[in-house]
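Participant: Just dropping this structure here.
Values in this text are rule-based calculations from the coordinates and carry no lab data. All values reported here derive from a predicted model rather than from experimental measurement. A quick note on method: Cβ atoms are made from the backbone with ideal geometry, for glycine too, and the neighbour counts reach across all protein chains shown.
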Amino acid sequence: MRDKTHLEQVERWAEHVRDNPEWKKQVKSFLDSQIIIANRFYKKLAETSEGREKLKLLGKLR
Amino acid sequence: MKREVDDKTILERFAEDFARIIEKYANYIIVSGFVAIMHGRSRGTEDIDMIVEKLSFERFFELHKALIEAGFECMQSAKAEIIYKDYLVNGDSVRYTRIGEFLPEMEIKFAKDSLDEHQLKTRQKLDFTGMNVYFSSIESNIAFKEEYLKSDKDLEDAKHLRIIYKDKINEEEIGKIKKEIKRLRMKSEE
């Protein structure tokens, strides 16, 4: 387990989510941005000279 | 109506579009990290884990074809025969993405034992998520995370789910599933 304050934050956030139906609006951009940023990165990587080979190693290309 | 669609995350849209195809051919459940995320865990994930009932090759061939027609591709191979014989029937997972996209991925594998069958049998749509897909029960998710997966992230996911479903969790069911995990999954790894 990570340190005490980390676990306290997990508890605090879970209670917030349980008591606030609006929680999804608060995390939507956070969740989406991870996918958008990663896809943008992989697409740029694919355009570089060794990018496709690296993506194969990462299991992102057939 | 448009607002409803816009309110959904990329992960939700991906999961619902994918599951809509799968459910025409097989029973399935979404398990693990995505379950926690759809209950508000503020952490990222690259893939969504799905367990699908074991299918014959002919049935899987039709399913794979439908996924391709719906705009998905499999990272392991384009050929249904390779996906089925080299991966799925050996207990290995395969990953599908939308064509031309790297993420998100749907990681699918066939149900492999009575524990997976039990999860499929007790699958649920979870109102809290607002999603039209089937999940493994909250009790299953907590049991797997606490007894089998056990990383910091998994233990925190379990803690989060326990708080969300406080006073609604069937501890006896969690105990039964943990026993089965020990019997079926942990003995074979010793």
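Yes or no, residue by residue, for (1) in contact with a Gly (Cβ under 7 Å, 6 or more places away or on another chain); (2) part of a helix (DSSP H, G or I); (3) more than 7 Å from chain B (Cβ to nearest Cβ):
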position: A:TRP13; (1), (2), (3): no, yes, no
position: A:HIS16; (1), (2), (3): no, yes, yes
position: A:GLN26; (1), (2), (3): no, yes, yes
position: A:SER29; (1), (2), (3): no, yes, yes
position: A:ILE35; (1), (2), (3): no, yes, no
position: A:ASN39; (1), (2), (3): no, yes, no
position: A:TYR42; (1), (2), (3): no, yes, no
position: A:LEU45; (1), (2), (3): yes, yes, yes
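Participant: Here's something else I'd like to know. Against the conditions (1) of a type outside the set (Gly, Ala, Ser); (2) buried (at least 20 other Cβ atoms within 10 Å of the Cβ); (3) in contact with a helix residue (DSSP H, G or I) (Cβ under 8 Å, 6 or more places away or on another chain), where does B:ASP116 fall short? Just the number, please.
Facilitator: Every listed condition holds for B:ASP116 apart from (3).
Participant: I would also like to ask the following. Kindly provide the set of residues from the stretch B:88-110 that are of a type in the set (A, V, I, L, M) and over 18 Å from B:PHE34 (Cα atoms), ordered by number. So that I can check it myself, show each step before the final result.
Facilitator: So in the stretch B:88-110, the residues of a type in the set (A, V, I, L, M) come out as B:88-89, B:94, B:99, B:103, B:106, B:108.
Result: B:LEU88, B:VAL89, B:ILE99.
Participant: Identify all residues within the stretch B:138-190 that are among the hydroxyl-bearing types (Ser, Thr, Tyr), touching a helix residue (DSSP H, G or I) at 6+ places or on another chain (Cβ under 7 Å) and in a loop (DSSP other than H, G, I, E, B); write none if there are none. Lay out the reasoning, then the answer.
Facilitator: The initial filter retains those residues of the stretch B:138-190 that are among the hydroxyl-bearing types (Ser, Thr, Tyr), namely B:140, B:148, B:151, B:165, B:188.
This time we only want the ones that are touching a helix residue (DSSP H, G or I) at 6+ places or on another chain (Cβ under 7 Å), so: B:140, B:148, B:165.
Listed by number, the list holds a single entry, B:TYR165.
Results for (1) closer than 24 Å to B:ILE48 by Cβ; (2) surrounded by 15 or more Cβ atoms within 10 Å (Cβ to Cβ); (3) under 18 Å from the mean Cα position of the chain (by Cα), shown as yes or no for each residue.
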site: A:TRP13; (1), (2), (3): yes, yes, yes
site: A:GLU22; (1), (2), (3): yes, no, no
site: A:ARG40; (1), (2), (3): yes, no, yes
site: A:LYS43; (1), (2), (3): yes, no, yes
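Participant: Counting just the residues of the stretch B:150-178 that are among the aliphatic types (A, V, I, L, M) and under 17 Å from B:GLY44 (Cα atoms), which one comes out farthest from the other protein chains (Cβ to nearest Cβ)? Lay out the reasoning, then the answer.
Facilitator: Within the stretch B:150-178, the subset among the aliphatic types (A, V, I, L, M) is B:155, B:158, B:161, B:163-164, B:169, B:174, B:177.
From the residues that got through so far, the ones that are under 17 Å from B:GLY44 (Cα atoms) too are B:155, B:158, B:161.
On the way: B:LEU155: 6, B:ALA158: 10, B:LEU161: 8 Å.
If we take residues in the stretch B:150-178 being among the aliphatic types (A, V, I, L, M) and under 17 Å from B:GLY44 (Cα atoms), then B:ALA158 is farthest from the other protein chains (Cβ to nearest Cβ).
Participant: Pull up the stretch B:72-103, narrow it to residues that are surrounded by fewer than 16 Cβ atoms within 10 Å (Cβ to Cβ) and over 20 Å from the mean Cα position of the chain (by Cα), then point me to the one that is farthest from the other protein chains (Cβ to nearest Cβ).
Facilitator: First pass over the stretch B:72-103, keeping only residues surrounded by fewer than 16 Cβ atoms within 10 Å (Cβ to Cβ): B:78-79, B:81-82, B:85-86, B:89-92, B:99-100.
Filter once more, so that each one left must be over 20 Å from the mean Cα position of the chain (by Cα): B:78-79, B:81-82, B:85-86, B:99-100.
Details: B:ALA78: 7, B:LYS79: 10, B:GLU81: 15, B:ILE82: 10, B:LYS85: 17, B:ASP86: 13, B:ILE99: 12, B:GLY100: 9 Å.
Filtering the stretch B:72-103 for residues that are surrounded by fewer than 16 Cβ atoms within 10 Å (Cβ to Cβ) and over 20 Å from the mean Cα position of the chain (by Cα), the one farthest from the other protein chains (Cβ to nearest Cβ) comes out as B:LYS85.
Participant: Do you know which residues across the stretch B:40-51 are part of a strand (DSSP E or B) and either aliphatic (A, V, I, L, M) or within 14 Å of another protein chain (Cβ to nearest Cβ) (or both)? Reasoning before the result, please.
Facilitator: Taking the stretch B:40-51 first, the residues part of a strand (DSSP E or B) are B:47-51.
Across the stretch B:40-51, the qualifying residues are B:ASP47, B:ILE48, B:MET50, B:ILE51.
Participant: Shifting gears a bit: Looking at this structure, is A:LEU45 under 26 Å from B:GLU105 (Cα atoms) and of a type in the set (A, V, I, L, M, F, W, C)? Walk me through it before giving the result.
Facilitator: On the way: under 26 Å from B:GLU105 (Cα atoms): yes; of a type in the set (A, V, I, L, M, F, W, C): yes.
Spelling it out, A:LEU45 is indeed under 26 Å from B:GLU105 (Cα atoms) and of a type in the set (A, V, I, L, M, F, W, C).
Participant: Go through the stretch B:50-101 and count every residue that is touching a Leu at 6+ places or on another chain (Cβ under 8 Å) and either free of Cβ contacts under 8 Å to residues at least 24 places away in the same chain or of a type in the set (S, T, N, Q) (or both).
Facilitator: Total satisfying the criteria: 3.
Participant: Next question, about the same structure. Which one of B:LYS54, B:LYS65 is away from chain A (no Cβ under 14 Å), surrounded by fewer than 19 Cβ atoms within 10 Å (Cβ to Cβ), in a loop (DSSP other than H, G, I, E, B) and at negative phi? Give the derivation first.
Facilitator: Numbers: B:LYS65 fails: in a loop (DSSP other than H, G, I, E, B).
Matching residue, one of B:LYS54, B:LYS65: B:LYS54.
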